[in-house]
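Reviewing the structure listed below.
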Amino acid sequence: MAVDTQTIADAMLAMVTEAAGVKRYKPGDLSKAMVAKFADDGVSKDDCKDAIRVLVDSEKLVYTYFNGTWLEIPHQEGSAKG
């Protein structure tokens, strides 16, 4: 693999951040997009799972379970802002 896990994670985070509030992504959708984006580098679904794990463990993304399983940027409560 020529692309490291952090590069895949950064690309996923950018994709989710860009669509925040407009679209939500399923983990499988993110994996498919990254496999297509880095097709020349031989990125696999397992590499994408590792990248998702890095993002969730570092609390940059969270799983939400409403009408399916989604990955989103963590929400802040109104009193926590500021």
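Nothing in this text is a laboratory measurement; each read-out follows from the coordinates by a stated rule. This is a predicted model, so every value here is computed, not measured. Cβ atoms come from the backbone with ideal geometry, glycine included; neighbour counts cover every protein chain shown.
Annotations
- Vicinal HN-Hα couplings computed from phi for the range 12-18 (Karplus, 6.51 cos²θ - 1.76 cosθ + 1.60; Hz; Gly/Pro x): 5, 4, 4, 5, 5, 5, 5
- Radius 11 Å from Cβ of ASP4, net charge of other residues (Lys, Arg +1; Asp, Glu -1): -4
- Three semi-axes describe the equivalent ellipsoid of the chain; taken as square roots of 5 times the Cα gyration tensor eigenvalues and ordered largest first, they are 24, 13, 11 Å.
- Total charge dipole magnitude, the chain, about the Cα centre, Cβ charges on Lys, Arg, Asp, Glu only, Debye to nearest 20: 340 debye
- Estimated vicinal HN-Hα couplings, Hz - the range 64-73 in sequence order (Karplus 6.51, -1.76, 1.60; Gly, Pro = x): 10, 10, 9, 6, x, 10, 10, 10, 9, 6
- Loop chymotrypsin sites (Phe, Trp or Tyr not before Pro), the range 2-68, which have at most 11 other Cβ atoms in a 10 Å radius of their Cβ (DSSP): PHE66
- Percent RCO, i.e. relative contact order, over the chain, from Cα pairs under 8 Å lying at least 6 residues apart: 35 percent
- The length gained by stretching the chain between ALA33 and THR17 to full extension, at 0.36 nm per residue less their Cα-Cα distance, is 4.3 nm.
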